[in-house]
Each structure stands twice: as C-alpha cells, then as structure tokens.
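**Q** Could you have a look at this structure, given as structure tokens, before my questions?
The values are calculated or read from the model by the stated rules, or taken from the named source; none is laboratory data. Just so it is clear, the structure is predicted and the values come from calculations on it, not from any experiment. Cβ coordinates were reconstructed from backbone atoms using ideal geometry, including for glycine residues, and neighbour counts include every protein chain displayed.
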Amino acid sequence: MKQLFLLLLTVIFCGLAYSQTAVLPGDGTLSAALAAASDGAVLQLSPGGLYTENIQFLLDSLKARKIMLLGRANVSQTMPKVTLTTPGGTRNFFLLYNGASLKVKGIEFDGTDSVAHLVQCVFTGTANTDTMHFGYIIVDDCEIHHLTNTVIEGAGSKYSYTDSVIVNNTIMHDSKTTIHFKAAAVDYLSIKNSTFYRIRSYGLRIGGPGNAGLANHTTEAVIDHTTWNDITKTDERQVLLCEGGTGANLKQWTVKNSIIANQSHAVQQNQNAISLKGMANGAIINNMCFWDLSNPAAAINSNTPLHIVADTISMNPQFKDTANGDFTIQNAALPKGADGLVLGDTRWGPRTAVDDVVSGLPREFSVDQNFPNPFNPTTSIRFSLPRASNVSVKVFTLLGQEVASVFSGYKAAGVHTMPFNAAHLGSGVYFYKVEAGKFVDVKKMVLVK
C-alpha cells in the first residue's frame with residue numbers, strides 16, 4: 001500500500017506541465033524564483049550555494065501550487081544553505097495554502113532562531129468548520145535547525161487535513177517540535193532513517209482530545225530507523241504522541257528499529273516516551289532501544305487492546321558526540337534491527353554519514369531530473385547507486401511505448417550520467433525509467449525541436 005501511494009505521488013507530479021529552473025545563489029534569488037514559479041515547477045539550487053533573504057521571506061510563496069526544490073544530488077556534494085541575512089521578527093520558510101504541496105530535497109535550512117516554521121499549513125476559512133485540504137509535504141536528505149517553533153505545522157483548524165507527510169534521511173535539531181498536527185489531521189505519515197535532537201517540546205504530536213476532524217481523516221504511520229535524542233529538552237512531553245480525537249479511531253501505527261535516548265533531564269517527569277491512544281487497528285512497536293528515559297518503568301503507553309510490543313531493550317547506545325550532533329553508535333553490543341541493520345538512523349552505524357562523504361558513495365538509490373529540460377536534441381540522465389547493480393534506462397512515450405534504450409548493463413556504486421540523443425524523435429513529452437535491482441523511478445522530460 002505504501003509503495004503504491006508513493007508511486008501515485010510520482011505519477012501525479014509527473015502529470016503536471018512543469019518547468020525546471022536553476023536558481024543562482026545570492027540574496028533574494030530563491031524568493032524571487034518562487035514568486036515566479038508556475039504550478040509544478042522544479043527549482044534546482046546549486047550544491048554548496050548560499051541563499052539568503054532579509055524579508056518575511058517565502059511568505060505566501062506556494063499558494064495552491066505544487067513546488068519542488070532540489071539541492072545536492074548525493075552526499076559527496078555539500079547541501080545548499082537557505083538562511084536569513086537579518087535575524088528577527090516572525091517568519092516562515094514556506095506557507096502552504098489550500099491545495100498546495102511541497103517537496104524539498106538535499107537542502108539545509110538554518111532558521112537562525114528567528115524563523116518559526118519550515119512549513120506551516122495556513123487556515124484561510126471564515127469559520128472553524130471550514131475544511132482545508134493540503135497535498136503532500138516531503139522532506140528528503142535535508143538538515144533543518146534553529147527554528148523557534150515547529151518544523152512542520154498543520155493548519156489551525158480541526159477540519160483541515162493533509163494527505164501525507166514524508167520525512168526521509170533528514171536531520172532536525174534545535175527547534176521546538178518536529179511535526180505537530182494537534183488541531184488538524186494528516187492521513188499518512190512516514191518517517192524513515194532520520195535523526196532528531198535537542199527538541200524542546202514534543203518530538204512528534206498528531207491529534208488531540210476534541211479534534212472532531214480526525215474522525216474522517218485518521219492517521220496511518222510508519223516510523224522506522226529513527227534516532228531521537230534529548231527530546232522534550234525544556235518542556236517535557238512525550239517523544240511520540242498520537243491521540244484520537246472525538247469519534248476518531250486511528251489507523252495502525254508501526255514504530256520500529258529506532259532509538260529514544262536521554263529524555264530524563266526535563267523539568268516535568270514521568271512522561272511516557274511513546275503514547276499512542278485511540279487506535280482501532282492497533283499499534284506495532286518492536287525492535288526499539290530505550291535509554292535514560294523520564295519514565296523508564298513505562299516507556300510505552302497505549303490504550304488500544306490491539307497493540308504489539310516486542311524486542312525492546314534498555315541499553316546505552318554510547319553515541320559518539322551528541323553535543324556536536326554525531327550519533328555514531330559505539331556500543332558494539334547493541335542488537336541489530338529486525339531487518340539486520342543498525343538500530344536508529346542507519347547513517348550512524350558502521351558506515352556513517354561521514355564515511356559516505358569521504359568515500360563519495362551515495363546513501364540511497366536516486367534519479368535526478370534530466371538536464372537540460374526541455375532539451376533539443378540532447379540531454380543527460382543522472383542516477384545514484386549506493387551499491388553495484390544491473391541498471392536499465394529506457395525512454396517511453398505518453399502511451400507507454402518504448403522508443404529508446406539509453407543503457408542496459410552493470411554499473412558500480414556511485415553517481416552515473418547517461419547522455420541521451422533524441423534526434424530521431426519528434427517534439428513532445430516523454431518518460432524515462434531507471435531500474436536498478438528492486439529500485440524503479442520514472443520521470444518526465446520534454447523534447448522541443
């Protein structure tokens with residue numbers, strides 16, 4: 001079901017008539033590009049570039065549009081950085097309005113303790129019963145830090161809902177809360193291979209008492225291979241909290257292969273690390289490591305009769321240097337997850353994010369947008385392989401007819417660029433598909449002659 005959902009997101013985005021725009025580093029260049037971007041636009045930021053703003057910037061930037069911002073292609077490159085030139089005031093990086101969607105990938109966002117949210121869904125109704133519907137929010141391979149409030153904030157209406165929030169391969173730190181949908185709903189939540197630390201309040205909160213809107217939009221969630229450290233730093237809350245609203249019966253939550261550590265220092269005490277309530281389809285919590293909790297005798301609280309808790313341990317993971325954000329696991333006795341990988345964010349295992357940068361190897365399979373696009377008649381297709389694979393790159397028409405085989409064969413781990421010459425094809429929209437083992441990705445390109 002989750003794979004089908006993500007495929008549908010890809011198809012929906014590819015179905016838009018979008019343009020790709022390179023945004024040069026500088027002061028005000030990103031907000032100007034967003035203001036001019038059409039629905040479905042892809043903005044390509046320069047790896048290692050600095051993007052600064054000195055206004056309440058990116059305010060109203062998305063309206064009802066679907067926008068994608070891309071930074072680095074793999075960990076051998078430096079993330080472009082988006083920040084402020086003049087700290088102060090109440091600001092947001094992105095505001096989403098009814099119908100809007102956003103994807104950011106490979107970018108650092110530095111709030112300088114002045115920006116409130118990375119993303120805020122905005123309620124624009126005239127009555128509290130008005131419904132706001134937001135699309136998807138996808139954050140992939142990003143670092144987001146020093147925000148004064150929540151990184152991703154739902155709209156302030158109990159009848160507002162977001163289709164999906166997906167966070168992968170991301171680090172969030174030194175902010176109030178990571179994801180907060182207390183007064184709104186999100187239908188699907190996925191957090192994988194990510195790290196969160198020095199978070200002042202909830203690590204994550206979905207729903208709350210009296211939220212009637214959740215009765216029709218109930219959250220299904222998968223939280224897998226995540227590291228949570230020093231959460232609820234000054235305002236002790238639960239690390240992971242989900243509460244069904246009035247009449248709500250939440251879908252299944254799965255929390256697994258993760259580490260929650262160093263929660264015991266906060267002002268209030270005896271809070272559960274995980275509290276999941278009102279779930280008609282139960283909760284599955286397994287292969288978890290808990291350490292130094294506020295309430296070690298009751299790390300998990302779930303009032304559903306259908307929850308399963310298995311293979312949880314209390315063990316110090318012995319993080320290398322938490323003060324400087326290095327969560328490399330030094331305790332060799334720490335068990336592996338159910339999938340045989342290190343517990344928590346796998347980048348802190350035997351092969352760390354630092355090792356990836358030194359070796360230049362990607363952490364994950366990925367396919368970049370072809371460049372240039374639109375093109376005539378040549379373009380380049382780039383993809384990243386974390387390990388050696390048999391690779392196939394093919395081009396299809398809108399009707400699914402194969403018109404070119406760009407490459408078929410074996411490729412070593414690394415980043416590869418395949419040239420494609422479409423001199424034999426007519427102008428139009430085409431799709432290119434990259435397959436590497438079980439990994440498949442499809443993107444759209446436009447040939448203009």
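**Q** Hey, can you tell me all the residues within region 370-379 that are in a strand (DSSP E or B) and exposed (fewer than 15 other Cβ atoms within 10 Å of the Cβ)?
**A** THR378
**Q** Just checking, does region 337-351 include any residue being buried (at least 19 other Cβ atoms within 10 Å of the Cβ), at pLDDT 85 or above and over 23 Å from VAL75 (Cβ atoms)?
**A** There is no residue in region 337-351 that is buried (at least 19 other Cβ atoms within 10 Å of the Cβ), at pLDDT 85 or above and over 23 Å from VAL75 (Cβ atoms).
**Q** Can you run down the residue pairs with Cβ atoms below 6 Å, 6 or more apart or on separate chains, where the first is in region 67-79 and assigned by TED's automatic domain parsing to the domain that holds THR21 and the partner is surrounded by 24 or more Cβ atoms within 10 Å (Cβ to Cβ) and not in a loop (DSSP other than H, G, I, E, B)?
**A** Taking only residues 6 or more apart or on different chains, the pairs are ILE67/LEU102; LEU69/VAL104; GLY71/LEU45.
**Q** Also, quick follow-up: So which residues in region 400-430 are within 25 Å of the chain's Cα centre (by Cα) and closer than 16 Å to GLN369 by Cα, if there are any at all?
**A** Of everything in region 400-430, those that are within 25 Å of the chain's Cα centre (by Cα) and closer than 16 Å to GLN369 by Cα turn out to be VAL415, HIS416.
**Q** For region 170-179, which residues satisfy the criterion of being buried (at least 22 other Cβ atoms within 10 Å of the Cβ) and of a type outside the set (A, V, I, L, M, F, W, C)?
**A** THR170, SER175, THR177, THR178
**Q** Now, a different point. Can you tell me which residue in region 386-437 is modelled with the lowest pLDDT, limited to those that are in a loop (DSSP other than H, G, I, E, B) and loosely packed, with under 12 Cβ neighbours inside 10 Å?
**A** The residue in question is ALA412.
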